[in-house]
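The block underneath contains the structure these notes are about, expressed in structure tokens.
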Amino acid sequence: QPVTPELLVSPSSQDGDLGSECPEDRGNWTGRLDFLLSCIGYCVGLGNVWRFPYRAYTNGGGAFLVPYFIMLAICGIPIFFMELSLGQFSSLGPLAVWKISPLFKGVGMGTILIVSLVAIYYNMIIAYVLFYLFASLTSNLPWQHCGNWWNTDLCLDHHVIKAGNTTFPVNITNTVSPSEEYWSRYVLHIQGSSGIGNPGRIRWNLCLCLLLSWTIVYLCILKGVKSSGKVVYFTATFPYLILVMLLIRGVTLEGAWKGIRFYLTPQFDHLLSSKVWIEAALQIFYSLGVGFGGLLTFASYNTFHQNIYRDTFIVTLGNAITSILAGFAIFSVLGYMSQELGVPVNQVAKAGPGLAFVVYPQAMTMLPLSPFWSFLFFFMLLTLGLDSQFAFMETIVTAVTDEFPYYLRPKKASFSAVICIALFLMGLILTTEGGMYWLVLLDDYSAGFGLMVVVITTCLVVTRVYGMKRFCRDIHMMLGFKPGPYFRACWMVLSPATMMALLVYNIIKYQPSEYGSYRFPPWAEVLGILMGVLSCLMIPVGMVVAVLQEEGTLWERVQQASRPAMDWGPSLEENRTGMYVTSLAGSQSPKPLMVHMRKYGGITSYENTAIEVDREIEEEEESMM
């Protein structure tokens, strides 16, 4: 009696008991826009509001947009598309995706370490935002006037200057604004700490805000992408509504044009400086969130034929336009503020937490209905920060559950809770009086050169070890067309070369961390550098583990470990066409594609693609003989 090959047996006619040994289904996005909005929410974060406008004005104003868009084309869009392609093709998280070349699994481990460190301090920033959000629920903002218990003799209230209508110019060089003292002396209570080595006591109000922010994050990622994919419909779109409101309010203020002119006046002589190009590349690199594993994780929950090529351009260009818009919203208000205080714009312009928690809140106090505008601004920051944090957490949880699908996937909610609690406890040091010093240290070192090494290695492994031809073939099989010469040139040469230049520049121009006038002690610098080096060290550690698991001579082991694993390829059997069918268990068919088509029905356009890919492989094999 002839034996039917296993591939020809319909799934329903196989033994039902076999299914119980399979891991639980990973799940997918439930709506068509879930993935796109999650990517937009992940990429459009706090950096778009507090880093881009400041970087633009310090690096040539409007002229900065030239290197910005060139760097977006050279290393932003190509690396973004590569990450999405890897995730969607394999349906695996940032650790398991290294079945593509097990020798380099350490890259995935480095990614998880970086994301974990960033998630700790990023949620602390969200806690500060929550603190200010609650403080805005009042008729008079607490940072509006001097005369509170936390103010010093240096505090100078601009309302008093205006009311006094003084004819002589007021010297404000040695004075401090009420908003600055509110931030440093009340919110942080930094006077209670002598430095990073003596963090002081825990600030319980900050601790409760951190607990609340972790609770919000946990409730939103409770059911993985099924729950976070729905939350982003609000958190990814609402900031745009507030941004437009702040923009309209900003440009209608007196003196707004001073700020906007300051922000956009092109200084083309800056383009001859290498620093400007490096700054543009850094802004693109961190703004798009490449290398953190978030894009790869989100794409892994897509259906196999989702058009990520289109999504890449929507997200990357949308992110750039948002940054430019935010610059108008910020600088129009700074222009108004400089006119009110009678000082140049460059004296009020700041970047990072200084802009969000000192300068902008001070500007809000000068507006009518100041608590309303303050609440809107911090609510925008909250929604911007949350969806980036969802991505960090989803990356960590997905990476580990994909490694242990049998044990952890059924308990994903409990595992997510354990991760959130662990990261909350690690972040408690950030809620102390000297917590800001630790936050600056984490911000400066956790995702510095370590992240660049991870992205450069990923790029080189995919193009050189796995092979450009093979990678393009995979994309062809998934999307129905091959990437054009632009993408191939960027992946092979331009993107890795640009990031190498970034890495070298970062090392040469290394500057010790500082916060205001405080200089970090040498041991803190060493600790920071170790944070960065540790993620890089994961790569050789992973190599050693992979080589030890193989057999033969050392060179044979390295060769075997660098080849894709046997089960590398699309996760669903119906998508494993062409060369990937032969790697399925029980496949003995000489023409696997034909068997595959008989099992899953007629020829679709994607199966036509698979036939083309098969023919290409056969021709290559013949030419090699």
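The values are calculated or read from the model by the stated rules, or taken from the named source; none is laboratory data. This is a predicted model, so every value here is computed, not measured. For neighbour counting, all protein chains shown are included, and Cβ atoms are generated from backbone atoms with ideal geometry for every residue, glycine included. Side chains included, ligands, DNA and RNA excluded: accessible areas come from the protein's heavy atoms. Shrake-Rupley method; radii C 1.70, N 1.55, O 1.52, S 1.80 Å.
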For Ser388, state whether it is open to solvent by 10 Å² or more (accessible area, probe 1.4 Å), among the polar types (S, T, N, Q) and either more than 25 Å from Leu219 (Cα to Cα) or not in a loop (DSSP other than H, G, I, E, B) (or both).
no
Within the stretch 446-464, considering residues that are out of contact with any Gly (no Cβ under 6 Å at 6 or more places or on another chain) and β-branched (Val, Ile, Thr), the one surrounded by the most Cβ atoms within 10 Å (Cβ to Cβ)
Thr458
Give just the number: which of (1) surrounded by fewer than 18 Cβ atoms within 10 Å (Cβ to Cβ); (2) at pLDDT 75 or above; (3) on the phi > 0 side of the Ramachandran plot does Gly569 not satisfy?
(1)
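Given the criteria more than 26 Å from Gly106 (Cα to Cα) and in contact with a Ser or Thr (Cβ under 7 Å, 6 or more places away or on another chain), does Gly434 qualify?
yes
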Pairs please, first residue from the stretch 329-358 and closer than 10 Å to Tyr54 by Cα, second anywhere and part of a loop (DSSP other than H, G, I, E, B), Cβ atoms under 8 Å, 6+ apart in sequence or on different chains.
Phe331/Ala349; Ala351/Arg51; Gly352/Arg51; Leu355/Ala349
The conditions are (1) more than 30 Å from Thr577 (Cα to Cα); (2) of a type outside the set (Gly, Ala, Ser); (3) out of contact with any Lys or Arg (no Cβ under 8 Å at 6 or more places or on another chain), and Lys469 fails exactly one of them. Which is it?
(1)
Residue by residue through the stretch 209-250, note down the ones that are in a loop (DSSP other than H, G, I, E, B) and under 30 Å from Thr432 (Cα atoms).
Leu222
For Ser374, are the conditions met, namely being open to solvent by less than 10 Å² (accessible area, probe 1.4 Å) and over 30 Å from Asp25 (Cβ atoms)?
yes
Being assigned to a loop (DSSP other than H, G, I, E, B) and either at positive phi or not small (Gly, Ala, Ser) (or both) is the filter here, so list the residues in the stretch 171-208 that pass it.
Asn171, Ile172, Thr173, Asn174, Thr175, Leu188, His189, Ile196, Pro199, Gly200, Arg201, Arg203
Can we say Trp204 is within 30 Å of Tyr437 (Cβ to Cβ), at pLDDT 90 or above and surrounded by 19 or more Cβ atoms within 10 Å (Cβ to Cβ)?
no
Taking the criterion of being buried (at least 20 other Cβ atoms within 10 Å of the Cβ) and either assigned to a helix (DSSP H, G or I) or of a type outside the set (A, V, I, L, M) (or both), would at least one residue in the stretch 266-273 satisfy it?
no
I'm trying to understand the selection: among the residues of the stretch 234-269, which are among the hydroxyl-bearing types (Ser, Thr, Tyr) and within 23 Å of Trp373 (Cα to Cα)?
Thr235, Thr237, Tyr240, Thr252, Tyr263
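Looking at this structure, is Gly195 in contact with a helix residue (DSSP H, G or I) (Cβ under 8 Å, 6 or more places away or on another chain), surrounded by fewer than 17 Cβ atoms within 10 Å (Cβ to Cβ) and modelled with pLDDT under 90?
Considered against the rule, which asks whether it is in contact with a helix residue (DSSP H, G or I) (Cβ under 8 Å, 6 or more places away or on another chain), surrounded by fewer than 17 Cβ atoms within 10 Å (Cβ to Cβ) and modelled with pLDDT under 90, Gly195 comes out as yes.
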Counting only helices (runs of 4 or more DSSP H) wholly inside the stretch 395-445, the ones holding at least 3 residues that are free of Cβ contacts under 8 Å to residues at least 60 places away in the same chain and surrounded by fewer than 18 Cβ atoms within 10 Å (Cβ to Cβ) are 412-426
Search the stretch 497-507 for residues being open to solvent by 10 Å² or more (accessible area, probe 1.4 Å) and touching a residue at least 40 places away in the same chain (Cβ under 8 Å), and hand back the single one that is farthest from Phe285 (Cα to Cα).
Ile507
Wholly inside the stretch 49-148, helices (runs of 4 or more DSSP H) that include 2 or more residues that are open to solvent by 30 Å² or more (accessible area, probe 1.4 Å), touching a strand residue (DSSP E or B) at 6+ places or on another chain (Cβ under 7 Å) and modelled with pLDDT under 95 are none
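Output the number of residues of the stretch 473-496 satisfying the condition of being in a helix (DSSP H, G or I), hydrophobic (A, V, I, L, M, F, W, C) and surrounded by fewer than 19 Cβ atoms within 10 Å (Cβ to Cβ).
The number of residues fulfilling the criteria is 4.
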Out of curiosity, is Thr312 under 19 Å from Val462 (Cβ atoms), buried (at least 17 other Cβ atoms within 10 Å of the Cβ) and hydroxyl-bearing (Ser, Thr, Tyr)?
yes
Of the residues in the stretch 508-526, those that are exposed (fewer than 15 other Cβ atoms within 10 Å of the Cβ) and part of a helix (DSSP H, G or I) come to Ile508, Pro522, Trp523, Val526
